[in-house]
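No value in this document is a laboratory result; all are computed from the given coordinates. In this text, all values refer to a predicted model and were calculated from it rather than measured experimentally. A quick note on method: Cβ atoms are made from the backbone with ideal geometry, for glycine too, and the neighbour counts reach across all protein chains shown.
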Amino acid sequence: MKGNPALRTVLVLLVLAAVFYPITRVISHDEHPATAPTSTPASPTRQPDSLTGTLRIRTAPAPLRLKVTASGKTVLEAAETNGHGEFTKELSLASGSDLLVRAEWADDRPHALHAEFLPTGTKAPIAKDYWSERTLEDVLSLP
């Protein structure tokens, strides 16, 4: 841009002022009063969708400790499994939940864990395979 530097500065300040005003109107909290939501008497309170089914975990070899949590709550826990590598639990969880799977083995050899959630009804099962050495911590996401 060629021309007088003072004129260029004035033009840039005018453009910035033109952009600044609408932005402040959008983000200001005190100029836009919050409106109370209108309640319709015919609309029932919507409960989050729940997903029921069976959580099945198979390991090779069996871990020393296994823990599965959902939303901070323990849904499956096993310790000192004595060679038993299959765990099953009936669950009812909110749709879209994440299951945090934690397992610990005694040695550093490769270990396998297969986590599977079998929802009731016609929904497809959700399954994931994990490989780890001494410890495993991963997520199984539900739809």
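As a rough guide to protection, the peptides 51-57, 16-22, 86-92 ranked by mean Cβ packing within 10 Å, highest first, stand as 51-57, 86-92, 16-22.
Dipole of region 50-141, Cα-centred, from +1 at each Lys and Arg C-beta and -1 at each Asp and Glu C-beta, to the nearest 20 debye? Walk me through the intermediate numbers first.
Details: 11 positive and 13 negative charges, 54 e Å.
Computed charge dipole of region 50-141: roughly 260 debye.
Taking label positions 7 Å along the Cα-Cβ direction at both Ser95 and Ala112, the computed distance is 3.4 nm, reported to one decimal. Simple spin-label estimate for Leu16 and Arg58 gives 6.6 nm between the two label positions (7 Å along the Cα-to-Cβ direction from each Cα). Determine, from the Cβ-Cβ distance of Ala124 and Ser28 and an R0 of 35 Å, the FRET efficiency 1/(1 + (r/R0)^6), rounded to the nearest 0.05. That pair, Ala124 with Ser28, gives E of 0.15.
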